[in-house]
Each structure stands twice: as structure tokens, then as C-alpha cells.
1. State which residue pairs qualify: first residue farther than 19 Å from Asp164 by Cα and inside region 297-315, second residue away from the ligand (no atom under 16 Å from the Cβ) and part of a loop (DSSP other than H, G, I, E, B) in any location, beta carbons under 6 Å apart, and separation of 6 or more residues or different chains.
2. Give the residue, chosen from Ser272, Ser229, Ser203, that is free of Cβ contacts under 8 Å to residues at least 60 places away in the same chain and either crowded, with 19+ Cβ neighbours inside 10 Å or within 16 Å of the ligand (Cβ to nearest atom) (or both).
3. Evaluate the following for Gly214: is it surrounded by fewer than 23 Cβ atoms within 10 Å (Cβ to Cβ), at pLDDT below 95, out of contact with any strand residue (DSSP E or B) (no Cβ under 7 Å at 6 or more places or on another chain) and among the small types (Gly, Ala, Ser)?
4. Report whether or not Thr40 is of a type in the set (Val, Ile, Thr), more than 25 Å from Gly199 (Cα to Cα), at pLDDT below 95 and part of a helix (DSSP H, G or I).
5. Could you check region 119-129 and list, in sequence order, the residues that are surrounded by 21 or more Cβ atoms within 10 Å (Cβ to Cβ) and more than 12 Å from Gly202 (Cβ to Cβ)?
6. Please find, within region 92-118, the residue that is surrounded by the fewest Cβ atoms within 10 Å (Cβ to Cβ) out of those that are touching a residue at least 40 places away in the same chain (Cβ under 8 Å) and not in a loop (DSSP other than H, G, I, E, B).
7. Specify which of the listed residues (Arg277, Arg259) is under 24 Å from Lys434 (Cβ atoms), crowded, with 17+ Cβ neighbours inside 10 Å and modelled with pLDDT of 95 or more.
8. Quick check on this structure: which one of Ala403, Ala446 is within 30 Å of Met42 (Cβ to Cβ) and modelled with pLDDT under 95?
Amino acid sequence: MHKNTLSKRLLTLLLLLLAFTATTTATLAQVNDNQDEEITKMVSEISAQNLRALVEKMVSFETRHTLSTTTDKKRGIGAAREWVMSEFEKYAKASGGRLTVEMDRFVIKADGRRVPQDTEMANVMATLKGSDPNDNRVIIVGAHLDSRATDVMDAKSKAPGANDDASGVAIVMEMARIMASRQFPATLVFVAFQGEEQGLYGSRHLAERAKQEGWNLVAMLNNDIVGNSYSGETGLHDNTRVRVFSEGTPANETEEMARLRRTLGSENDSPSRTLARYMKMTGEAYIDQIEVVLGYRADRFLRGGDHTPFNQQGFAAVRMSEMNEDFDHQHQNVRVENGTQYGDLIEFMDFEYLRKNTAVNLATMASLGRAPYAPEAVSVITANLTNKTDLTWQAPAKGKKPAGYYVLMRETSSPVWQKKFFVKDTKTTIGYSKDNYFFAVQAVDAAGNASLPVIPVPAR
Ligand SMILES: [Zn+2]
């Protein structure tokens, strides 16, 4: 009898706990976007075997050090660049002339640091021109082709750079292959940077060029160290999570931008953070068994990446990196020491994991590239004290006409968007207080492809 009562109590407690957990989960859930069938199709075409073949080929150049030979046909950065170029040209054949390929050469003067003498470098770029001539948006996906050994100045030793960063370049190339034959209103740029390890030279060159030429660059996705799922140091194995780093306060923030940030409390809503959140929402909607972990910092300690020069020029740019890095297989001469194999070798990579990370990039780029322009003049009306939220905005002046808008909402302490309201009109009243939630507005097409969210500014 006594025992029975106890188990009944335990059962009640368990049920209560379960109910509580369910409620908590429901509150914390993030909204996932709808799926565009065409994007699902593209995602299904990503092949782990292709990615492996691409990385194997890059490793075969023995070193891709920025200061290595450019005249040898089989070895060094020159041969590697030529090969990436020729692959891009193959993909271009399926594009009906819309994919153009370019070796963007530039000279870096001796810098007294990691470039001892004036050196010609080159980014290999493939540009898929937007199908809508009135759409001037540009989206970049990039990774660095150059590699290094233990000594960053050593241009002779083997530097296979399988994971750092042939993995990222393989993502870029596989995406170009699949996307070249498809239509996107926005222009997509696929780039293999050079000079990353010597000081982010390739990405700085392209970021400055984008600024000077006035590109309407809406997003830059950097992929660096994305294909290994195991850390020997910690024994942690994780092939279901990937990190996306994004700056909090923009590198180019002005006094005026800072004032607005303080007014809104929007230190967690920089353009780059908004892009990272979009990547999480979109990637997780399309790809099974992958979680995008938002890294609330521009990069890891002691490390930099090719997104940084884009941030410095005022563009939204993020970095994807695997969950558990293995530092025995990065920036290390290939050698065995005390029974441990060092070096950035292909045998330590996980190509199924790399396939999923490719898919997150592809879904993000495709969704953004097909979405309408973002809404304009997005405002939250602060004229009255009310427990509801009045939002107004304008249809984008350019690009295709949106089918409607998503109003996104989250608690101020939540990292992700939690509720989504579809609105046909360019204004709405939401039955939640603007004091207790953050809001943003996206323009969306009929297939569910949404623009980047725009954070409203106060208006009366
Ligand atoms: Zn790297």
C-alpha cells in the first residue's frame, strides 16, 4: 500500500517534470524556414565522394604555400590555382555562359613579416551572374587555397592542408558545380583565396575591391577548417554540430551606429550575427543531423580568417569551423613523433560531416540568392505606451515582388528567432510587447525563400 502510494507520487512527479520539459522546449524552440524543392534537390546532389576527390587533388600538390613555386606544373600554389581555375571552367559549361571564371592577380609588397619579398598572388574566382538584370545583390562563399607547415615561412616542406583549408575550398567548388546550372536572381561568387596564412591577403584584396567597386554585397560565408569531426586531444567526436562565428559589434561601427545599438539593445543583432542566425535557421531546415552552433565572437583565440577583412569593410561576414579542432593536424610538419602522427592529412577527415557542412552553406546561399530584396524602412512605432507592437516597413524597391513578409520574434535573452508571423501587408500589429521581445522583418517569396531579417528602428 505504502509502496504503491510512493510510486503514484513518483509517477505524478515524473509527469509534471515531463510537462515542464515539454513547455520549456516549446518556448525555446527556434523557427525553421519552409523548404524550396529546388534547394532540397541541390542539397541532395552534394557528394561526399566528390568532396574527397577534390581534397585528394589539392593534397597532391604537396604544398600550396603562398610563397611556393608557381612554375612547377604538379607542385605548389601555382599548379593548385591553375587546377581550381580549370575545374571552375568545367562547371561553367553547364551555366549557359553565366558562370565566368577569373584569376584575380595582385602584388603584395614585402611586409617585413610573412611576405619577405614582393609577391604576386591570385584569388581564383567563379562568378554566377544573377538571372535578374535589375538585381545587383552579391553573395560570396570563400575559403583559402594556401597551406602551411610548422614554420609559416617554410614554402618547401610538405603542407598537405587537407582540412586547413582544402576542406573549405572543396565546399566552394562543390557548390559552384551544383549551382552553376541553376537560376538565382542575385549574383553568386565562389572564391579560393590565396595568402590567408601570410596575413589574409587574398580576402583583403577582394573585400577592398568589393568596397571600391560598390558591390551590393549582402553576405560573405567563409569556410575554414570544416572537415574533421574528432579531436584526439579530448577524445570528443562530434559530427552533428558545426560552429559559425560572427562579430557582435561591427568592426566598422561608427558613433552613430553605437548610439542606435545602445538604444535598441541590439548588441546581439549585428548584420554578421543576423547572417549567422539565418544560416542556422536555413541550414537546420534543410539538413538532417546538423546543428549550427552560434559562436558569439568574431573568431577563435589566436586565429583569424578571411571573413575579417569583409567585416572591416562593413559587410556581413561569418566563419564556419568544425566543432572540435585537432591541433596535431593543423599547421604541423608531417611527421611521427613518440608514436603520434602529426600533419594535416586526409586520413583524419570525415567526408560525411563535410557533406553536411557543404549543405548548410549551399542552402544558405541558395535561399538568400533566390529571396526577394530585404524590406526597407523597417520601423517599430514607439509613439504610444502599449503592450502590443506596431511595425511598419516598405516593399523593397528592387528585385522580385515579395509574396509577403515574415515578422520574426524572440525573447530578448533568446539566441534564436522563436516565432514567425506571415504578413501580406507592409504593416502589422503583434500581440506581444516591444519591450519584452526583439523583432525583425524578412521579405519572402512563394517558395519560402526569405531575405536577411531587418531589425526595426524606432519611429513615431
Ligand atoms: Zn585556415
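1. Pairs found: Asn311/Glu247; Asn311/Ala251; Gln312/Ala251; Gly314/Asn252.
2. Testing whether each residue is free of Cβ contacts under 8 Å to residues at least 60 places away in the same chain and either crowded, with 19+ Cβ neighbours inside 10 Å or within 16 Å of the ligand (Cβ to nearest atom) (or both) leaves just Ser272.
3. Taking the combined requirement at face value, the residue does not satisfy it.
4. For Thr40, the condition - of a type in the set (Val, Ile, Thr), more than 25 Å from Gly199 (Cα to Cα), at pLDDT below 95 and part of a helix (DSSP H, G or I) - is not met.
5. Within region 119-129, Ala126, Leu128 meet the criteria.
6. Ala94
7. Answer to the check: Arg277.
8. The unique qualifying residue is Ala446.
The values are calculated or read from the model by the stated rules, or taken from the named source; none is laboratory data. Bear in mind the structure is a predicted one, so any value in this text is a computation, not a measurement. Because the Cβ atoms are built from the backbone with ideal geometry, glycine has one as well, and the counts that use them run over all protein chains shown.
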